[in-house]
Amino acid sequence: MSVLLDNQFRELPPDKSVDTKIFLDNVSHIPAFFDCLGSKVFSIIKSDINGNITKIRAVYLKDPAKYVTLQDILEAEREAHQAEWPKVGATLALMWLKRGLHFIQILLQSLADGERDENNPNLIRVNITKAYEQALKRYHGWIVQKIFNAALLAAPYRSNFLKALSKGEEVKEEECLANVRQFLVNYTPTVDAIYQMYTNLNAELDYTV
Ligand code: 03F
């Protein structure tokens, strides 16, 4: 019934470590969602997200017992790559993936909070723009910002977006937003924990693409 509730994230343990296998299982459902959004511009975003998931999974599968948590991966790569780190491997892939996850978090939270453009109540451009400005824009040069502008124009109507989140079923807006809120209960702390890990390990970079 709901893409979001089918793919609920797990509650974090008290130490806020993120289990690599569970995390990869959870995020692996996100790329397929772009297929129902229509425009070609979403395939660029889909393949970027997919590529980062694949890079992290490839590292994990080399030694699942060693890379139980995402932090295990970052620490092993820091040891292995020294000066090149953190602009390398799964550390770099997760650095970017987390920004996309943060974008999704802000977008969904803004919808759940009922933020909307009163003149265009069936558009989600204000919600998308807010998410972009907070999560991604500072890392993008003008060419990538142009891709964002194209995606913004191609963005689905609010009603279609909510319908897509409900697997194509016509559900009442309030019911769908209740699912969004439920999804965010574990999703938001997971994204926050990954950001905190990058801060703690001094692994965040701020170059633009
Ligand atoms: C850097 C960079 N990646 C890449 O160059 C950019 C690609 C295009 C980015 C376009 C941005 C547009 C975002 C706005 C979309 C609005 C759509 C709204 C629809 C509703 C990195 O790439 C590589 O990743 C890394 O591996 C490499 O090594 O420097 C590194 C080298 O470069 C990015 O900026 C990441 C972009 C992530 C965008 C995520 C957008 C998510 C949008 C919608 C999600 C819908 C939510 C559905 C929820 C479903 C839940 C199941």
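A few notes on this one:
- On a per residue basis, the convex hull of the C-alpha atoms belonging to region 3-200 measures out at 123 Å³.
- Computed Kirkwood radius, in angstrom, where 1/r is averaged over Cα pairs of region 19-60: 10.8 Å
- Counting only residues at least eight positions apart within a chain, or on another chain, the lysines with an alpha carbon under 16 Å from that of K87 are K55, K98.
- Whole-angstrom gap from region 142-209 to region 56-97, using each part's C-alpha centre: 24 Å
- Solvent exposure of the chain amounts to 53 Å² per residue of accessible area, where only protein heavy atoms count and the probe is 1.4 Å.
- Interatomic Cα distance distribution for region 121-198, bins of 5 angstrom, percent: 3, 13, 16, 20, 19, 18, 9, 2
- Where GluC sites (Glu not before Pro) fall in DSSP loop in region 62-119, at most 14 other Cβ within 10 Å: E115, E118
- Taking each DSSP H run with n ≥ 4 as -39500 (n - 2.57) and averaging over every residue of the chain yields -20500 deg cm²/dmol at 222 nm.
- In the chain, the longest principal axis of the Cα atoms and the axis of helix 125-135 are about 10 degrees apart.
- Applying a DSSP loop filter and a limit of 15 other Cβ atoms within 10 Å to the GluC sites (Glu not before Pro) in region 150-209 leaves E169, E170, E204.
- Debye equation applied to the C-alpha atoms of region 56-161, log10 I(q)/I(0) at 0.18, 0.20 Å⁻¹: -0.89, -0.98
- Of the solvent-accessible surface of the chain, computed with a 1.4 Å probe and all protein chains present, 53% belongs to carbon and sulfur.
- The chain: relative contact order as a whole-number percent, Cα under 8 Å and 6+ apart: 32 percent
- Annotation for region 29-71: trypsin sites (Lys or Arg not before Pro) lying in DSSP loop with at most 16 further Cβ atoms inside 10 Å of their Cβ are K40, K66.
- Rounded if a/c under 1.5, otherwise prolate or oblate - region 1-111, Cα gyration tensor axes: prolate
The values are calculated or read from the model by the stated rules, or taken from the named source; none is laboratory data. Quick caveat, the model's predicted, so the values are computed rather than measured. Glycine gets a Cβ as well: all are built from the backbone with ideal geometry, and neighbour counts include every protein chain shown. Ligands, DNA and RNA are excluded from the accessible area calculation, which covers all protein heavy atoms including side chains. Shrake-Rupley method; radii C 1.70, N 1.55, O 1.52, S 1.80 Å.
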